[in-house]
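Undergrad: I'd like to ask you about the structure that follows.
The values are calculated or read from the model by the stated rules, or taken from the named source; none is laboratory data. Since the structure is predicted, the reported quantities are computational estimates derived from the model, not experimental observations. Ideal geometry is used to build each Cβ from the backbone, glycine not excepted, and the neighbour counts take in all protein chains shown.
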2 protein chains.
Amino acid sequence: MAVISTNPATGVTRELEFEETSEAQVTEVCRSAAEVAGEFSSLPLERRAQMLNNMANELDADATTLVSNADEETALGQARLQGELRRTTFQLRFFADVVTEGTFLNASIDHAGDSPMGPLPDLRRMKIPIGVVGVFGSSNFPFAFSVPGGDTASALAAGCPVVIKAHPAHPTTSAATFQALERGALKSGAPKGTVNLVYGMAAGIALVESNYVDAIGFTGSVAAGRSLWQRANARTTPIPFYGELGSANPLVVTEVAAKERAVEIGTGFAGSMTLGAGQFCTKPGLLFVPTGVAGDELVEAVVETLRSRGTFVMLSEGVANSFHLNTQSMRSSKMVRALVDDEMQERFLTSAHLFEIGADDFSGPDADALHQECFGPAAVVIRYSSKEQLRTAVLSTEKSLTFSVFCGENDSDEEWLLHVGAQRAGRVIVNGFPTGVGVSWSMQHGGPWPSTTSSSATSVGTASIERWLRPVTFQSVPERVLPLALRDTNPLGLLRRVDGVQAFG
Amino acid sequence: MAVISTNPATGVTRELEFEETSEAQVTEVCRSAAEVAGEFSSLPLERRAQMLNNMANELDADATTLVSNADEETALGQARLQGELRRTTFQLRFFADVVTEGTFLNASIDHAGDSPMGPLPDLRRMKIPIGVVGVFGSSNFPFAFSVPGGDTASALAAGCPVVIKAHPAHPTTSAATFQALERGALKSGAPKGTVNLVYGMAAGIALVESNYVDAIGFTGSVAAGRSLWQRANARTTPIPFYGELGSANPLVVTEVAAKERAVEIGTGFAGSMTLGAGQFCTKPGLLFVPTGVAGDELVEAVVETLRSRGTFVMLSEGVANSFHLNTQSMRSSKMVRALVDDEMQERFLTSAHLFEIGADDFSGPDADALHQECFGPAAVVIRYSSKEQLRTAVLSTEKSLTFSVFCGENDSDEEWLLHVGAQRAGRVIVNGFPTGVGVSWSMQHGGPWPSTTSSSATSVGTASIERWLRPVTFQSVPERVLPLALRDTNPLGLLRRVDGVQAFG
């Protein structure tokens, strides 16, 4: 079956010159990746870093074509896509630095000695690559969370070959970015088979079930993610599946903040919830606003801003249809007031939607549809009239990637809301919107179920490399055959823990 | 139903004065643990450390009674149990040091600034406790992997309340050690409900399924572990399940080593495989020996040593029965030669078993029963006559907790075997036996499936605390409401990563 590319702005589809990958082909690709895993992981770290830099350079060289490809397949616009590509190449280069720095190896040495348990042998622990990593690209970030995105960059940085399943919403972009990665790999002397690309839903399932694959990175919906995660667990030899699924991303405005900055917050919220047509995993989907005049003013600012935004082109017909169904079930609740709700939907086109509900109704048993992520430009305003009502409503939400709090000067609600937020999300934000996820050492993009399958992991930031590593202890292994990272001479100049003390050299 | 205690040395059983915990009681216990989770986690770190030290002191104070209880319920002998209790209290005190040192918090600060992606806000990441941890004690270590064992110590060190499911093989020991833990907790001002104990199989299932429980630590068989792991995954909100299951622990003797030290290695192997009646998760179950005179001599040394050992009292009737069934299916293979195989088995009593098979037969399709862990004093000798035969046979084993290599001077087999071992296990040992797992910074006790459910985790050593932590990023949070670990003033004096650079203070 030929792969099909669709332009969401025009609805025009075309058959590409390549086919979906068959299950047999997926097995073959994964086998060849497994075959070169040892060679790739044993390249010197500088070479691995060079490869990531070369990949970034190759993407930069093709930037004009790539952005144009991606715009045709996503309608996200040139400016946004240029920015996303910059983020993507920055991410690859950042991981090159992480590789060279080497603390991700977590090297630790305990020389033989006595302990209250008796004598202990020489023990040296470090992290090694987990093996072949399967990567599922997302629909909403054709660069940063797709073929050349964070999962690929972090897995390669860890020393793992990757087999990437292209997202059906942007196959041309996937093919073109893959070619850049492959050129970068070959230029650096990485073995052929270090990066691989497959197409089609059947290929995705075969990838999760392949005995040559050792871990999966996934970004997508709760339904698709949970189903693939179950397949990973049902294998004879289960493998870790790191899925970033769905997140409602609550945003609370305190009484004090509403009084101080109603219009500013309302306008900002409308901008954040419609960024990228609301197709962000960090889109704030639940807005907690106090009842009363200040709150009314804030909600009015959201409504006015949304009305001024016109229509949005969604990423794909599938995304547009799901969005239509989700907003339908949101408005069907008797307790809900529709504040912005033009039912206009034409194939890939939609407008923004805003619903309102009282905090008690939201916390009650009949408001399930309002608790789940609605991927697209829709949000629910929850009006509360007491701290207790607010707390109950917030505790009734699903746990999330993010939790945002807008508060004012000397705001007595700040501390308890921060505490509740940290219990319920992977990132807590004060006086800011959750869209915009910086690539940095201190970023956490991952939270409790259902926002991700593993709350101890992140899919953005340097710590995302940890998903693709596995610790091994070398006991009484002679210096000459030890991995470089664990030799007494410390040839890599790593920060290590030696006999319990962290030290360089 | 009353809880029953059995003395495996005499077969005498007695009803204890307490009942198995009902499902409703488990829910109540977990709810109360969840209620105090916030209070416990926010105790100052010194107080948390003091609690772990107090628990160790209370166990020491009761040492004579505890060892006598445990010997009556496990028949492991006073000397071994005294050593195990020393290990257990050392472990609690070691975790007290880990808590005070604070690097487990993984604090990282990126001040607001520019990046190639544009301006980034202030981002600060640290790890927080995951919540209530359910702990399943093991049969074979009534102290070190049971109520006061590594899972409990690491979870409490992480700041998580624990609900422990006592192993049915030693309920009196469980109750007595729990009382010591509870006294230690109360003396340190930890809230009541920080440590909890439940009894019975139904209670164990209820624990895994409780909505008040956030993670599970388990040590036991593949069958029981996989079944509970599936329940954890089938929850509406799945939780991480860290299970240490079964491991065959291959041990390879090279040609050179066999020539140099046949008798020494053979005798040592027999000792390692019968330590604790072979009821260790690290018992070497597969011994790869070259064909020829030196290899014969080595095997003969194993056989003679085993014959001199007499009989073993197994931990429980269940363990003894499984062992009997497993050895039965091992000897039923036509390709197997029984070297030591008295079929004597009386309720809890057994003798050692040693089987031998050719490497090609072992690698073939009909030798499944010989590949799996056989918990108890049994092992399989695999005879190889070429490097290729050895490699194929080793690659046909299940992945393991450990992989041991005995090699000699200038041994050309050392390097490739170490490499293969690191790919297949969490700990690689040169010229040593895998039994004996030191508690240290550099210990890894965990490997690929089926040896554990999560190869990125360890259940022994300081890194075992990582299982019970979850990262959270605080974005643009004012200094005065930041967690202490993330304040610019660094009041805890932690080693942190600040703007990408690791530094103290």
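Undergrad: Among the candidates B:154, B:146, B:138, B:174, single out the residue that is more than 22 Å from residue B:64 (Cα to Cα) and hydroxyl-bearing (Ser, Thr, Tyr).
TA: B:154
Undergrad: Looking only at residues in region B:210-221 that are surrounded by 18 or more Cβ atoms within 10 Å (Cβ to Cβ) and not hydroxyl-bearing (Ser, Thr, Tyr), which one is farthest from residue B:454 (Cα to Cα)?
TA: Top of the filtered list is B:213.
Undergrad: Within the set of pairs 6 or more residues apart or between chains, which connect a residue that is within 11 Å of chain B (Cβ to nearest Cβ) and touching a residue at least 24 places away in the same chain (Cβ under 8 Å) inside region A:74-91 to a residue that is among the β-branched types (Val, Ile, Thr) and crowded, with 23+ Cβ neighbours inside 10 Å with Cβ atoms less than 6 Å apart?
TA: A:91/A:439
Undergrad: If we scan region A:83-90, do we find a residue that is over 16 Å from residue A:146 (Cα atoms) and modelled with pLDDT of 95 or more?
TA: No - not one qualifying residue is present in region A:83-90.
Undergrad: Restricting attention to region A:229-257, and to residues there that are touching a residue at least 40 places away in the same chain (Cβ under 8 Å) and within 10 Å of chain B (Cβ to nearest Cβ), which single residue is surrounded by the most Cβ atoms within 10 Å (Cβ to Cβ)?
TA: A:240
Undergrad: When only residues in region A:104-128 that are more than 7 Å from chain B (Cβ to nearest Cβ) and within 28 Å of residue B:503 (Cβ to Cβ) count, which is farthest from the chain's Cα centre (by Cα)?
TA: Here the residue is A:111.
Undergrad: Would you mind stating whether residue B:58 is acidic (Asp, Glu), more than 12 Å from chain A (Cβ to nearest Cβ) and either over 26 Å from residue B:202 (Cα atoms) or surrounded by fewer than 24 Cβ atoms within 10 Å (Cβ to Cβ) (or both)?
TA: yes
Undergrad: What number of residues within region B:452-484 are of a type outside the set (D, E, K, R) and surrounded by fewer than 21 Cβ atoms within 10 Å (Cβ to Cβ)?
TA: Initial filter on region B:452-484 (of a type outside the set (D, E, K, R)): B:452-465, B:468-469, B:471-478, B:481-484.
Retained after the next criterion (residues that are surrounded by fewer than 21 Cβ atoms within 10 Å (Cβ to Cβ)): B:476, B:478, B:481-484.
Residues meeting the conditions: 6.
Undergrad: Counting only residues that are aliphatic (A, V, I, L, M) and under 28 Å from the mean Cα position of the chain (by Cα), give me the helices (runs of 4 or more DSSP H) lying completely in region B:345-400 with at least 1 of them.
TA: B:368-371, B:387-395
Undergrad: Are there any pairs with C-beta distances below 6 angstrom linking a residue in region B:289-311 that is among the aromatic types (Phe, Trp, Tyr) to a residue that is part of a loop (DSSP other than H, G, I, E, B), with the two at least 6 apart or on different chains, and if so which?
TA: From residues that are among the aromatic types (Phe, Trp, Tyr), there are no pairs.
Undergrad: Please give the number of the condition residue B:461 fails out of (1) outside the structural domain of residue B:163 (by TED's automatic domain parsing); (2) of a type outside the set (Phe, Trp, Tyr); (3) without any contact (Cβ under 8 Å) to a residue 60 or more places away in the chain.
TA: (1)
Undergrad: Right, something else. So is residue A:37 touching a Gly at 6+ places or on another chain (Cβ under 6 Å) and within 14 Å of chain B (Cβ to nearest Cβ) or not? Walk me through it before giving the result.
TA: Details: touching a Gly at 6+ places or on another chain (Cβ under 6 Å): yes; within 14 Å of chain B (Cβ to nearest Cβ): yes.
Judged against the criteria, residue A:37 is a match.
Undergrad: Quick test for you: out of B:184, B:217, B:189, B:225, pick the one residue that is at positive phi and either in contact with a Lys or Arg (Cβ under 6 Å, 6 or more places away or on another chain) or assigned by TED's automatic domain parsing to the domain that holds residue B:21 (or both). So that I can check it myself, show each step before the final result.
TA: Details: B:184 fails: at positive phi; B:217 fails: at positive phi; B:225 fails: at positive phi.
Of B:184, B:217, B:189, B:225, the one residue that is at positive phi and either in contact with a Lys or Arg (Cβ under 6 Å, 6 or more places away or on another chain) or assigned by TED's automatic domain parsing to the domain that holds residue B:21 (or both) is B:189.
Undergrad: Looking at region A:404-434, which of its residues are aliphatic (A, V, I, L, M) and facing chain B (nearest Cβ under 8 Å)? Can you show your working first?
TA: Taking region A:404-434 as the starting set, the residues that turn out to be aliphatic (A, V, I, L, M) are A:405, A:417-418, A:420, A:422, A:425, A:428-430.
Listed by number, the residues that qualify are A:418, A:422, A:425, A:428, A:429, A:430.
Undergrad: Between A:411, A:360, which is surrounded by fewer than 24 Cβ atoms within 10 Å (Cβ to Cβ) and in contact with an Asp or Glu (Cβ under 9 Å, 6 or more places away or on another chain)?
TA: Being surrounded by fewer than 24 Cβ atoms within 10 Å (Cβ to Cβ) and in contact with an Asp or Glu (Cβ under 9 Å, 6 or more places away or on another chain) holds for just one of A:411, A:360, which is A:411.
Undergrad: Residues of region B:282-330 being among the basic types (Lys, Arg) and either under 29 Å from the mean Cα position of the chain (by Cα) or under 27 Å from residue A:475 (Cβ atoms) (or both), which ones?
TA: Answer for region B:282-330, where residues must be among the basic types (Lys, Arg) and either under 29 Å from the mean Cα position of the chain (by Cα) or under 27 Å from residue A:475 (Cβ atoms) (or both): B:283, B:309.
Undergrad: So is residue A:438 at pLDDT 95 or above and not hydrophobic (A, V, I, L, M, F, W, C) or not?
TA: no
Undergrad: Could you grab me the full set of residues in region A:261-277 that are at positive phi and surrounded by fewer than 21 Cβ atoms within 10 Å (Cβ to Cβ)?
TA: If the condition is that a residue be at positive phi and surrounded by fewer than 21 Cβ atoms within 10 Å (Cβ to Cβ), then A:276 is the only one that fits.
Undergrad: Do we find a residue being surrounded by fewer than 24 Cβ atoms within 10 Å (Cβ to Cβ) and within 24 Å of residue A:117 (Cβ to Cβ) anywhere in region B:112-133?
TA: no
Undergrad: Just name the residue that is nearest to the chain's Cα centre (by Cα) out of those in region A:201-215 that are of a type in the set (A, V, I, L, M) and within 14 Å of another protein chain (Cβ to nearest Cβ).
TA: Among residues in region A:201-215 that are of a type in the set (A, V, I, L, M) and within 14 Å of another protein chain (Cβ to nearest Cβ), the one nearest to the chain's Cα centre (by Cα) is A:215.
Undergrad: Pull up region B:4-43, narrow it to residues that are among the small types (Gly, Ala, Ser) and part of a helix (DSSP H, G or I), then point me to the one that is surrounded by the fewest Cβ atoms within 10 Å (Cβ to Cβ). Working first, answer last.
TA: In the first step, residues of region B:4-43 are kept if they are among the small types (Gly, Ala, Ser); the result is B:5, B:9, B:11, B:22, B:24, B:32-34, B:37-38, B:41-42.
Checking the rest, the ones that are also part of a helix (DSSP H, G or I) come to B:24, B:32-34, B:37-38, B:41.
On the way: B:24: 9, B:32: 19, B:33: 27, B:34: 19, B:37: 24, B:38: 16, B:41: 17.
My answer is B:24.
Undergrad: Given region A:137-234, what helices (runs of 4 or more DSSP H) lie entirely inside it while holding 3 or more residues that are closer than 20 Å to residue A:34 by Cα and of a type in the set (A, V, I, L, M, F, W, C)?
TA: A:150-158, A:171-187, A:201-209
Undergrad: Continuing with the same structure: Which of the following residues is within 14 Å of chain B (Cβ to nearest Cβ) and touching a residue at least 60 places away in the same chain (Cβ under 8 Å): A:222, A:198?
TA: Within the list A:222, A:198, the selection yields A:222.
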